[in-house]
Every structure is written in structure tokens, then in C-alpha cells.
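Asker: Before I ask anything, let me first share the structure, which is written out below as C-alpha cells.
Please treat every number below as a calculation from the coordinates, not as lab data. For clarity, every value in this text was computed on a predicted model and none was experimentally measured. Here the Cβ positions follow ideal geometry from the backbone for every residue, glycine too, while neighbour counts run over all protein chains shown.
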Amino acid sequence: MLRNLWLDESGATAIEYGLLVALLSIACITALQAVGNELSTTMSTVSTTLDGNNTIS
């Protein structure tokens, strides 16, 4: 009985999938944060540029 329990690998696949999902989630969150920061900087630059060009002469 103990030998069968030791050789049983049925839960290993679920753990591997769980670790894979966790790793992919961390990678996606990191990438989205980087893109979000860059997009925020770009939009701020566009806003500043447009505000500077709205003067009537």
C-alpha cells in the first residue's frame, strides 16, 4: 500500500499545471505593468504637446 502511494503520480500533473499557470500569470502582469507605464508616459507627452499648441495668436 505504501509502495503504491509512493509511485502514484496522479497529483503531479495538477501541480505542474498550477505552477505553469502561476508563472504565466506573473509574466503577464509584469508585461502589462511595463506597457501601462509606457502608455501613460506617451499619453502625458501627447497631452502636454496638445496643451502647448492650443494658444490663439
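Asker: Convex hull over the Cα atoms of the chain, averaged projected area in nm²? Provide the component values of the computation, followed by the final result.
Answerer: Numbers: hull surface 18.1 nm².
Dividing the Cα hull surface by four gives the mean projection, 4.5 nm².
Asker: Where does the chain land at 222 nm, in deg cm²/dmol rounded to the nearest 500, when only DSSP H runs of n ≥ 4 count, each adding -39500 (n - 2.57), divided by all residues?
Answerer: Values: 2 runs with 49 residues, N = 57.
Result for the chain, helices only: -30500 deg cm²/dmol.
Asker: Roughly what would the spin-label model give for Tyr17 and Asn4, points 7 Å off Cα along C-beta, in nm?
Answerer: The two pseudo-label positions are separated by 2.4 nm.
Asker: Same structure again: Helix 10-52: angle to the longest alpha-carbon principal axis of the chain, degrees 0 to 90, nearest 10?
Answerer: 0
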